[in-house]
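Here is the structure we will look at, set down as structure tokens.
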Amino acid sequence: MDLGLEGARALVTASTGGIGREIARTLAREGATVYINGRTAQAVDAAIADLRARTPGARLEGLVADNGGAQGCAETIALLPELDILVNNLGIYEAVPFTQTTDAQWLESFDVNVMSGVRLGRHYVQGMLARGKGRIVFLSSEAAIAPAPELPHYSASKSMTLAVSRTLAELTKGTAVTVNAVVPGSTRTEGVRVFVQGLFPELSYEEAERRFVAENRSTSIIARLIDPAEVADLVAFVCSQRASAINGAALRVDGGIVRSIY
């Protein structure tokens with residue numbers, strides 16, 4: 001299926017690893033010019049080298065900026081005034097019991113997980129509306145719908161991301177610009193692999209993942225963690241011309257972990 005992304009300019013925030021890097025790879029594979037974003041030149045260069053090795057011919061550019069703060073977002077906008085696709089992937093999480101969370105942790109989660117998308121979205125949507133086309137995608141989480149007790153501030157921030165995405169979509173009414181959220185379930189990123197292995201150091205990783213899912217994500221219908229590429233495929237479709245009738249949606253790729261039909 002031709003997704004019609006040839007020549008599109010796409011920024012994926014926090015795309016040096018994990019889900020972000022797979023989204024960048026998938027968009028590049030479909031012909032988009034993708035800006036690989038990270039906080040250091042070393043991380044960006046390493047990610048680009050990996051992506052070029054796995055996707056020959058990929059059109060990739062580096063963008064070193066910390067979009068978790070206002071200054072970094074301003075730097076990004078100055079370097080890239082216009083985009084066809086914005087994927088707000090940047091996010092942080094930390095397992096902390098609710099009663100032990102600090103104000104600083106809540107505010108940092110809000111600033112990085114919510115305000116990064118707000119700051120970039122309110123700029124780029126204006127250019128997209130002026131040109132009459134564009135795609136904005138927010139990466140949310142299963143925790144936005146089924147809050148994780150060990151991730152209270154993360155869960156709250158991801159719920160806010162859904163509200164921001166829908167609010168921004170309302171501005172695009174009657175246009176060819178769309179704004180959507182993608183809601184992944186627990187995904188097998190590098191960080192999650194380390195976390196899962198740390199819970200069960202005596203087991204092989206495969207055994208540790210099976211136990212983690214059985215004990216901590218028992219509602220998962222697929223009974224495994226999601227591969228980042230599976231999330232990336234949905235994001236690429238949402239960014240495509242084929243998804244022109246999808247707007248203001250929260251699209252789950254959670255393996256059935258959320259027990260809800262909506």
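The values are calculated or read from the model by the stated rules, or taken from the named source; none is laboratory data. Computed from a prediction, not measured in an experiment: that's the story for all the values here. As a convention, Cβ positions derive from the backbone with ideal geometry for all residues, glycine included, and neighbour counts pool all protein chains shown.
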In the range 126-156, residues that are crowded, with 20+ Cβ neighbours inside 10 Å and under 27 Å from Ser244 (Cβ atoms) total 12
Scanning the range 92-128 for residues that are among the aliphatic types (A, V, I, L, M) and not in a helix (DSSP H, G or I), which turns out nearest to Thr33 (Cα to Cα)?
Ile92
Residue hits (the range 34-83; basic (Lys, Arg) and either farther than 19 Å from Ala229 by Cα or buried (at least 19 other Cβ atoms within 10 Å of the Cβ) (or both)) are Arg39
Within the range 91-107, residues surrounded by fewer than 20 Cβ atoms within 10 Å (Cβ to Cβ) and touching a residue at least 12 places away in the same chain (Cβ under 8 Å) come out as Ile92, Glu94, Ala95, Val96, Pro97, Phe98, Thr101, Gln105, Trp106
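Of all residues in the range 69-89, how many are touching a Leu at 6+ places or on another chain (Cβ under 8 Å) and touching a residue at least 40 places away in the same chain (Cβ under 8 Å)? Working first, answer last.
Here is the first cut: in the range 69-89, the ones touching a Leu at 6+ places or on another chain (Cβ under 8 Å) are 73, 76-77, 79-80, 83, 85-89.
Now restrict to residues that are touching a residue at least 40 places away in the same chain (Cβ under 8 Å): 73, 76-77, 80, 83, 85-89.
Selection size over the range 69-89: 10.
Can you name the strands (runs of 3 or more DSSP E) wholly within the range 24-91 that have at least 2 residues being under 15 Å from the mean Cα position of the chain (by Cα)? Write out each step before concluding.
Numbers: elements: 33-38, 59-64, 85-88.
Filter on the range 24-91 gives 33-38, 85-88.
Select from the range 240-262 the residues that are farther than 25 Å from Thr172 by Cβ and either within 16 Å of the chain's Cα centre (by Cα) or small (Gly, Ala, Ser) (or both) and list them in ascending order.
Answer for the range 240-262, where residues must be farther than 25 Å from Thr172 by Cβ and either within 16 Å of the chain's Cα centre (by Cα) or small (Gly, Ala, Ser) (or both): Asp254, Gly255, Gly256, Ser260.
For every residue, the table says whether it meets (1) touching a strand residue (DSSP E or B) at 6+ places or on another chain (Cβ under 6 Å); (2) part of a helix (DSSP H, G or I); (3) surrounded by 15 or more Cβ atoms within 10 Å (Cβ to Cβ).
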{"position": "Asn180", "(1), (2), (3)": "yes, no, yes"}
{"position": "Arg210", "(1), (2), (3)": "no, yes, yes"}
{"position": "Val213", "(1), (2), (3)": "no, yes, yes"}
{"position": "Ser218", "(1), (2), (3)": "no, no, no"}
{"position": "Ile261", "(1), (2), (3)": "no, no, no"}
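Identify, from the list Val196, Val192, Val213, Val179, the residue that is outside the structural domain of Gly121 (by TED's automatic domain parsing), under 16 Å from the mean Cα position of the chain (by Cα) and of a type in the set (A, V, I, L, M). Can you show your working first?
Values: Val196 fails: under 16 Å from the mean Cα position of the chain (by Cα); Val213 fails: under 16 Å from the mean Cα position of the chain (by Cα); Val179 fails: outside the structural domain of Gly121 (by TED's automatic domain parsing).
Matching residue, one of Val196, Val192, Val213, Val179: Val192.
Just the residues that are of a type outside the set (S, T, N, Q) and surrounded by 22 or more Cβ atoms within 10 Å (Cβ to Cβ), please, taken from the range 182-203.
If we filter the range 182-203 for residues that are of a type outside the set (S, T, N, Q), which is where we start, we get 182-185, 188, 190-196, 198-203.
If the condition is that a residue be of a type outside the set (S, T, N, Q) and surrounded by 22 or more Cβ atoms within 10 Å (Cβ to Cβ), then Val182, Val183, Pro184, Gly185 are the ones that fit.
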Can you pull out the residues in the range 108-156 that are free of Cβ contacts under 8 Å to residues at least 12 places away in the same chain and touching a helix residue (DSSP H, G or I) at 6+ places or on another chain (Cβ under 9 Å)?
Ala148
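Quick check on the range 133-175: of everything there that is in a strand (DSSP E or B) and aliphatic (A, V, I, L, M), which residue is nearest to Ile19 (Cα to Cα)?
Here is the first cut: in the range 133-175, the residues in a strand (DSSP E or B) are 134-139.
Next, from what is left, pick out any that are aliphatic (A, V, I, L, M): 136-137, 139.
On the way: Ile136: 16, Val137: 13, Leu139: 9 Å.
If we take residues in the range 133-175 being in a strand (DSSP E or B) and aliphatic (A, V, I, L, M), then Leu139 is nearest to Ile19 (Cα to Cα).
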Might you let me know whether the range 241-252 holds any residue that is over 18 Å from Arg166 (Cα atoms) and touching a Leu at 6+ places or on another chain (Cβ under 9 Å)?
yes
